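> Shown below is the structure under consideration.
The values are calculated or read from the model by the stated rules, or taken from the named source; none is laboratory data. In this text, all values refer to a predicted model and were calculated from it rather than measured experimentally. Note: ideal-geometry Cβ built from the backbone for every residue, glycine included; neighbour counts use all protein chains shown. Side chains are part of the model used for accessible areas, which takes the heavy atoms of the whole protein and leaves out ligands, DNA and RNA. Shrake-Rupley method; radii C 1.70, N 1.55, O 1.52, S 1.80 Å.
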Amino acid sequence: MSSHIVLTSHPLGRTAGQSPPIRWGAATAAERGPVVASLTNPAQRNAIGTHSGAYALYRALAVASGRLDRDHRPDLTDTSPAAAIGPHPQWADPDKIVSLDPWGHMVAAAFAAELAAGIDLRPSIAVTKARINMPEMKDAIAAMKEAYACLSNGTADVPLRTRLSIPSRDAVSLFMPAYMKADSNEALAVKVVSLYPSNPAHGLAFIQAAVMVFDPETGRAVGLLEGSTLTAIRTGAGSGAAIDLLARKDSKIAAIFGAGPQGRTQLQAACAVRPIETAYIYDLTREKSEAYVKDLAGVGNIPTDVRIATSPAEAIAHADIICTATGSTRPVFDDIHLKPGAHISAIGAYTPDMQEIPVETVARARIVVDSRATVMDEAGDIVKTMQAGLIDSSNIHAELGEIVLGLQSGRQSDEEITFFKSVGNAVQDAVAAGLALKNARAMKLGIEIDF
């Protein structure tokens with residue numbers, strides 16, 4: 001029987017053979033094995049010393065003040081490094097390893113099985129800012145895929161929206177009901193959006209919106225949600241669904257046109273489905289772009305490298321993903337500056353006289369839409385390209401829901417341009433509102449009233 005000497009700064013309770021083995025110089029994290037330096041179970045330790053640094057100090061203070069249980073284990077769910085580090089060839093060379101644990105920044109992914117088995121692993125190298133993946137946006141994207149699928153297979157009922165003019169205020173209110181039923185979900189809601197041009201002068205938002213949610217089984221009203229934020233989230237999630245299905249898997253650079261609320265959720269959604277490392281924001285108002293960068297850079301899974309583009313050409317020159325969320329009536333960039341293989345999600349230009357995308361781009365792209373029926377009449381990017389004689393209805397490759405259902409294909413090559421055009425649909429609101437209400441109940445948010 002062979003024997004060996006165990007060096008440890010915490011020998012109490014240790015039994016030989018219980019700690020995971022380590023193979024220094026192994027080519028992969030799985031072969032090398034995890035480094036266990038936590039104190040939860042001394043028998044599992046295979047390292048000298050323990051975790052320290054600023055986190056250890058803050059943790060000690062929290063435990064001492066009674067604000068944190070001494071046995072608390074950090075939850076690494078939905079976390080990932082703020083920057084991609086390696087793997088590098090020297091990690092598999094025992095003579096060149098320069099860190100105690102070269103895989104220490106990615107323990108949540110590299111040692112998921114060990115974490116699930118109860119081994120208390122902690123990140124063991126310093127990362128300046130953690131990147132937190134936002135499950136709420138991922139859930140919303142999954143919900144939008146379901147909504148688009150129901151829209152395409154006919155299990156969603158979305159009547160034409162009702163327009164009510166308010167001439168005395170030069171305003172309009174839009175009423176948009178929707179119902180959908182999927183195998184695992186059912187949603188019934190109506191959104192009311194009011195557009196009041198005089199509101200900003202009185203310190204109010206131009207767009208006022210609310211969503212009423214109903215119980216599909218009884219018709220009882222069960223929730224009232226603020227609609228503008230919900231619309232921004234579901235619109236971003238809709239783009240996220242398209243990006244997930246159409247953008248290249250190796251997409252790392254995003255460009256956003258429009259620094260308003262819609263532009264913010266466009267970036268959040270892109271970062272939820274692709275490992276974005278750099279993002280550009282372009283807006284006609286410099287102050288809005290500055291606020292955009294200040295508020296979003298490094299938040300959640302958004303990279304710290306968010307840059308203000310000084311021109312549309314700078315924004316898209318290297319962009320793998322482009323999202324347009326503007327009220328423009330002319331193209332926001334030139335077709336000539338577009339990178340081969342880029343994906344475009346365009347959610348502005350929701351009337352025939354609006355336009356964000358050059359007709360040349362639309363004509364050479366693989367076109368995917370949220371709904372054929374609506375974009376043919378309402379989407380300026382599609383309408384104007386048809387009026388120019390460059391495309392007709394046969395050039396629309398698919399509805400996004402058809403791709404979700406497997407009825408149509410998505411991207412065909414790494415070089416082609418993919419273009420998702422959406423003008424929004426009430427079934428998105430119904431599904432998003434249902435999801436938001438479900439989450440609010442689980443998190444005990446909102447106000448319960450008798451109704």
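> Starting from the exponent 0.38 and prefactor 2.2 Å, build the expected Rg for segment 145-194 from its residue count and divide its actual Cα Rg by it.
Compactness ratio reported: 1.45.
> Further, regarding this structure: Cα centroids of segment 384-403 and segment 277-356: how far apart, whole angstrom?
Taking the Cα centre of segment 277-356 as reference, the centre of segment 384-403 is 23 Å away.
> Another question, if that's okay. On average, how much area does the Cα convex hull of segment 390-451 cover when viewed from any direction, in nm²?
Averaging across all directions leaves 7.9 nm² for the Cα convex hull.
> Another one. Quote to one decimal, in nm, the extra length available between Leu195 and Lys249 on full extension: 0.36 nm per residue of separation minus the C-alpha distance between them.
Extra length available between Leu195 and Lys249 comes to 15.6 nm.
> Would you work out the relative contact order for the chain, in percent, from Cα pairs under 8 angstrom that are 6 or more residues apart?
13 percent
> As a test question: what accessible area, to the nearest 10 Å², does Ile357 have when a 1.4 Å probe is rolled over all protein chains in place?
Near enough 0 Å² of accessible area.
> HN-Hα J couplings of segment 438-446 from phi, Karplus 6.51/-1.76/1.60, θ = phi - 60°, integer Hz, Gly and Pro as x?
The phi angles translate into 4, 5, 4, 5, 5, 9, 6, 9, x Hz.
> Roll a 1.4 Å probe over the protein heavy atoms and report the accessible area of Met443 in Å², nearest 10.
Roughly 120 Å² of Met443 is accessible to a 1.4 Å probe.
> Got a number for carbon plus sulfur as a percent of the chain's accessible area, 1.4 Å probe?
56 percent
> In nm, give the distance between the simple-model label positions of Gln90 and Arg330, each being 7 Å from the Cα along the Cα-to-Cβ direction.
5.3 nm
> Name the long-range amide H neighbours of Arg366: under 5 Å, sequence gap of 5 or more, or other chain; modelled H, no Pro or chain starts.
Residues meeting the amide H criterion: Ile417, Thr418, Phe419.
> Something else now. Tell me, what is the Rg over Rh of segment 228-340, with Rh the Kirkwood radius over Cα pairs?
0.92
> Enter the accessible area per residue of the chain (Å², integer; probe 1.4 Å; all protein chains in place).
51 Å²
> So which chymotrypsin sites (Phe, Trp or Tyr not before Pro) in segment 125-229 end up in coil per DSSP with only 15 or fewer other C-beta atoms within 10 Å?
Sparse-neighbourhood loop chymotrypsin sites (Phe, Trp or Tyr not before Pro): Phe206.
> For Glu287, tell me the accessible area in Å² from a 1.4 Å probe, rounded to the nearest 10.
Probe radius 1.4 Å; accessible area of Glu287 about 120 Å².
> Spin-label point model (7 Å from Cα, Cβ direction): what's the Thr229 to Thr40 distance in nm?
3.3 nm
> Further, regarding this structure: Okay, which of segment 165-183 sit inside 20 Å, backbone N to the point 7 Å along the Cα-Cβ direction of Leu405?
Under 20 Å, as judged by backbone N against the label point of Leu405, lie 178-183 of segment 165-183.
> Which sequence of Asp183, Asp75, Asp215 reflects their accessible areas, 1.4 Å probe, from the largest down?
Solvent-accessible surface, decreasing: Asp183, Asp75, Asp215.
> Also, quick follow-up: Return the subset of Lys145/Lys249; Lys181/Lys438; Lys249/Lys384; Lys294/Lys421; Lys252/Lys339 for which the Cα-Cα distance in this structure is over 24 Å, preserving the input order.
Check vs 24 Å cut-off fails for Lys249/Lys384; Lys294/Lys421.
> Can you run phi through the Karplus equation (6.51, -1.76, 1.60; θ = phi - 60°) for segment 351-367 and list ³J(HN,Hα) in whole Hz, with x for Gly and Pro?
Taking θ as phi minus 60°, the curve returns 10, x, 8, 9, 7, 10, 10, x, 4, 5, 5, 4, 5, 9, 8, 7, 8 Hz for segment 351-367.
> Now for a separate question. Provide Asp139, Asp414 ordered by accessible surface of protein heavy atoms (probe 1.4 Å), highest first.
The residues order as Asp414, Asp139, largest area first.
> Where Rh denotes the Kirkwood radius from the mean inverse Cα pair distance, what is Rg over Rh for segment 180-250?
Ratio value, two decimals: 1.11.
> Only helical DSSP H runs with n ≥ 4 go in: add -39500 (n - 2.57) per run for the chain, normalise by residue count and round the 222 nm mean residue ellipticity to 500 deg cm²/dmol.
Helices in the chain give a 222 nm mean residue ellipticity of -9000 deg cm²/dmol.
> Considering the dipole of the chain built from charges on the beta carbon (Lys and Arg +1, Asp and Glu -1) around the Cα centre, which of Val63, Asn185, Ser251 is farthest to its positive end?
Val63
> Divide, for segment 179-300, the radius of gyration over alpha carbons by 2.2 N^0.38 Å, where N is the residue count.
1.27
> Counting other C-beta atoms within 10 Å, and keeping those with at most 14, which DSSP coil trypsin sites (Lys or Arg not before Pro) do you find in segment 413-451?
Lys444
> Mind checking which of Val362, Ile449, Val427 is farthest towards the positive end of segment 342-451's charge dipole, using Cβ charges of +1 (Lys, Arg) and -1 (Asp, Glu) about the Cα centre?
Ile449
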